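The structure appears right after this line, and notes come after that.
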Amino acid sequence: MEIKGCTAIVTGGASGLGEATVRMLVDQGARAAILDFDEKRGIQLAKELGSPVIFCKTDVTNEKTVQEAVEKTVSAFGGIHIAVNCAGVATPAKVLSKRGPISIEEFSRVVQINLIGTMIVIKHAADQMVKNTPNEDGEKGVVINTASAAAFDGQIGQAAYSSSKAAVVGMTLPIAREFADYGIRVVTIAPGLFDTPMLAGLPEKAKEALVLMVPFPKRLGRPPEYAMLAKHIIENPLLNGETIRLDQAIRMAAK
């Protein structure tokens, strides 16, 4: 699918991987809606990027706000061709710790944001994509989800995070198969260690320790590198139903 002239929604679009993706899309001639809970940063970014971008305050676990954001995007730009799910949290918690067993509310919150939130966005975005005029390949839309290397080799304390991201991987193929009849592709990116707000709170020594686990290149990933892959996925019509690890060959240690 040619990005120029398309409309995209990007969850978590006010920072990190999402922000880099929004910037890439606008640079390639697309219109974009930033769906994020961070109103201050979202409005600031939309103002910086100008008229091809709008901000929609969105809680991906709240279906009403997602639906309103989708409707606002369609009203502003006439449709939706691309949906990129970057919203997520990585709250660590051991199943058994000094505080006692893990809080199911805490576990559920991670799953609600990372998994249920992704599904809510997919269903509302796809419901709009099916209305699009297909291109010469019969393509009407592209959905990109974000999983994690932790979906495959999660560390101690990542039971909630890893399971939520593994579920995103697990639903990629069946949704891609279902959406094939509609001309909508579904692909998931599984990033490794990226320099995003999710890691920003870690001390420098902790970041250095993480980098030691990375085979090559030996550094944290940069958000624009995620956006580079998202661009290729959108433009390459043969990529469908797949999860692509973007992780410098890392295989996470137990802790």
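The values are calculated or read from the model by the stated rules, or taken from the named source; none is laboratory data. Predicted model, so just to flag it, every value in this text is computed and none were measured. When we count neighbours, we look across all protein chains shown, and the Cβ atoms used for this are built from the backbone with ideal geometry, even at glycine.
Under 8 Å between Cβ atoms, at least 6 apart or on separate chains: pull out the pairs that start in region 207-220 with a residue that is under 12 Å from F194 (Cα atoms) and assigned to a helix (DSSP H, G or I) and end on any residue that is at pLDDT 90 or above and of a type outside the set (A, V, I, L, M).
Pairs that qualify, where the first residue is under 12 Å from F194 (Cα atoms) and assigned to a helix (DSSP H, G or I) and the partner is at pLDDT 90 or above and of a type outside the set (A, V, I, L, M), are V211/K218; V211/R219.
Would you point out which residue out of A8, A90 is in contact (Cβ under 8 Å) with a residue 40 or more places away in the chain and part of a strand (DSSP E or B)?
The unique qualifying residue is A8.
For region 142-169, what are the residues that are under 15 Å from the mean Cα position of the chain (by Cα) and β-branched (V, I, T)?
Listed by number, the residues that qualify are V142, V143, I144, T146, V168, V169.
Quickly run through region 229-246 and pick out the residues that are in a helix (DSSP H, G or I) and either in contact with a strand residue (DSSP E or B) (Cβ under 9 Å, 6 or more places away or on another chain) or acidic (D, E) (or both).
Selection gives L229, A230, I233, I234, E235.
Just the residues that are of a type in the set (S, T, Y) and in a loop (DSSP other than H, G, I, E, B), please, taken from region 93-141.
Of everything in region 93-141, those that are of a type in the set (S, T, Y) and in a loop (DSSP other than H, G, I, E, B) turn out to be S103, T133.
Checking the condition buried (at least 23 other Cβ atoms within 10 Å of the Cβ), in a loop (DSSP other than H, G, I, E, B), in contact with a Ser or Thr (Cβ under 8 Å, 6 or more places away or on another chain) and modelled with pLDDT of 95 or more, which residue from G18, G79, G13 passes?
G13
For (1) among the aliphatic types (A, V, I, L, M); (2) touching a residue at least 12 places away in the same chain (Cβ under 8 Å), each residue gets a yes or a no:
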| residue | (1), (2) |
| --- | --- |
| E105 | no, no |
| V110 | yes, yes |
| H124 | no, yes |
| N132 | no, yes |
| D153 | no, yes |
| A176 | yes, yes |
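When you go through A254, A147 one by one, which is the residue that is of a type in the set (A, V, I, L, M) and touching a strand residue (DSSP E or B) at 6+ places or on another chain (Cβ under 6 Å)?
A147
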